[in-house]
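Worksheet: the structure to be examined is printed underneath.
The values are calculated or read from the model by the stated rules, or taken from the named source; none is laboratory data. If you're wondering where the values come from, they're calculated on a predicted model, not measured in any experiment. A quick note on method: Cβ atoms are made from the backbone with ideal geometry, for glycine too, and the neighbour counts reach across all protein chains shown.
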Amino acid sequence: MPTKVLLDNTLLAYWRPKDPKWMAERQAKWLRIFNYENSFEGDSWSKKKKLLKQYQDYFFKGKLTIDEDDELSINLVLQLAWHPSSDPGVWQYQTALQLPYWDPQETYYTYEYLKGISDYVSSYTDLTTADPSELNGREPQLFKFFYCEPGFPQFIQYFENKNSSVFKRNGIYAHHSLYATFALPLVVVGGRYFNALHQQLLPYLAEFLTDEAFDCDLYFRKKQCIAPTELETILTRRKEILVSALRVLDGEMPVENALKDIIASWYQQYLLGSEKWQTLLTEVKKQRSNTIVSSLQVTDQPVDKLAEQVETTVTALWPENFAALKQAFAEHGYNLPDGTSPHLDEILSTLFPQQRILLGLFTDAAYSVDDLTEPFDAFTYPLNRLCELSDSHQMSYQQEGDYLYLKADGKQVGKIYLDDPLDEGTGKDGVANYFKQVVKLAQQWFPGQVYCYGEDEFVLYVLPAEVVTLLVQQGFISKPDYFG
């Protein structure tokens, strides 16, 4: 099929490129979105000229095409986020108009894109000149359109085909990326964008806190599919979240007001959860009232021994009291500027910006077409940056067919299957296994200096040994075994 223009005159009427006032408003919006996208390391729009032109043509003129390879010039999520109209009826009309031309996989790609949208604001994003996301502040409308009684059979079929990893309650769908945001992972981390797409599930969270959900991990795997040791970790994680939330609500851990409001809303939803969730809350409250947390003094113990001590004497230290951490840094000559976000990655990236290596995110949506073609920046960057920090090793890569081989000093470190970077079948040729090898290499090259932080994304720091020791003493345990 030759390239086809998809929007009709009814829809194009919403774009007014000949109206100077309208264009000035669009230019101002575009600049903030553009600045947001350009704030990411090694992945700015400035390097993607064809994509940038397609985006601008749609944003300012309403030009939307599908080519002979059934590829849309701009995905549906951004179409609606950037549409001049926020009327759901208009969105329905525009979606219906293009569905007959979609590749059968396009619905899957659309929801994978939604799943990959982050809840965090990058430390590199200057919010005085940039938006906190690319969605133009339309997260609430987009959540309703895609997750609350989706209006198209293709969308409902997507959820039904993913029934092993999707819950539905009262017409609202939640796959693990949405559900996990409030049910299992941290809710007290700073640096969040409080209006993010995944945050829109919050008012409905209690619907999903069922006994059935309690017996799953954050990817909705059933209890019988999870190793006993992993189940114990999941339960501990849930308790840590509750303790941290209670500390914020009791005024023991100061956070910004917007975050405190989010946590209060989350807690109110939690109180409406099923019996198993309530039992866990009761246990946590009892443990909290009976637990006295010891202060750890600076010692000369090895870092691994300190980690053991912290884990056996301190409850729920992730995240912990950032004020105490800031003071500890100051006592060792590392002074944080006022206004630093109370988020561990933000603190470390402020103090040690050149020592930070972002390994990546863990959804297919995190990888664009450009990432999967030379020079493969998304995959080469972590190993190359580690080699640069060592000043004595060299990274190289080689593509053979659908596989990318990454090497340090000529020895293979990773192998990526480019058709499926996550390698969801075996994991053998996926990014997780590659990142695991990068962490091991860092530990060999920088003994005692590697600090790993992993939640929705995974970050590795090469720090002075005294800083790693300080972090462990404060209860911030490195997670080098994040990938096993």
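Which one of the conditions (1) in a helix (DSSP H, G or I); (2) surrounded by fewer than 17 Cβ atoms within 10 Å (Cβ to Cβ); (3) in contact (Cβ under 8 Å) with a residue 40 or more places away in the chain does Q56 fail to meet, given that it meets all the rest?
(3)
Residue-wise test of (1) under 22 Å from the mean Cα position of the chain (by Cα); (2) modelled with pLDDT of 60 or more; (3) under 28 Å from R138 (Cβ atoms); (4) not in a helix (DSSP H, G or I).
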site	(1), (2), (3), (4)
A174	yes, yes, yes, yes
G190	yes, no, yes, yes
F194	yes, yes, yes, yes
L205	yes, yes, yes, no
L218	yes, no, yes, yes
Q224	no, no, no, no
E232	no, yes, no, no
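Is it the case that the stretch 87-101 has a residue that's in a helix (DSSP H, G or I), modelled with pLDDT of 85 or more and touching a strand residue (DSSP E or B) at 6+ places or on another chain (Cβ under 8 Å)?
Yes, the conditions are met somewhere in the stretch 87-101.
Hey, does the stretch 417-436 have a residue that's in a strand (DSSP E or B), buried (at least 16 other Cβ atoms within 10 Å of the Cβ) and modelled with pLDDT under 85?
Within the stretch 417-436, one or more residues are in a strand (DSSP E or B), buried (at least 16 other Cβ atoms within 10 Å of the Cβ) and modelled with pLDDT under 85.
When you scan the stretch 83-105, do you find a residue that is surrounded by 15 or more Cβ atoms within 10 Å (Cβ to Cβ), under 20 Å from the mean Cα position of the chain (by Cα) and not small (G, A, S), even just one?
no
Name the single residue, out of those in the stretch 257-291 being under 26 Å from the mean Cα position of the chain (by Cα), surrounded by 12 or more Cβ atoms within 10 Å (Cβ to Cβ) and among the polar types (S, T, N, Q), that is farthest from T210 (Cα to Cα).
Here the residue is S265.
In this structure, is V450 buried (at least 20 other Cβ atoms within 10 Å of the Cβ) and at pLDDT 80 or above?
So V450 fits the description; yes.
Which of the residues spanning the stretch 126-152 are closer than 20 Å to K115 by Cβ, of a type in the set (D, E) and buried (at least 19 other Cβ atoms within 10 Å of the Cβ)?
E139
Just to verify a result, which residue in the stretch 106-125, among those that are part of a loop (DSSP other than H, G, I, E, B) and surrounded by fewer than 17 Cβ atoms within 10 Å (Cβ to Cβ), is farthest from the chain's Cα centre (by Cα)?
Out of the qualifying residues, it is Y124.
D131 fails exactly one of the following numbered conditions: (1) within 18 Å of the chain's Cα centre (by Cα); (2) part of a loop (DSSP other than H, G, I, E, B); (3) modelled with pLDDT of 85 or more; (4) not assigned by TED's automatic domain parsing to the domain that holds L76. What is the number of that condition?
Here D131 meets the rest and fails (4).
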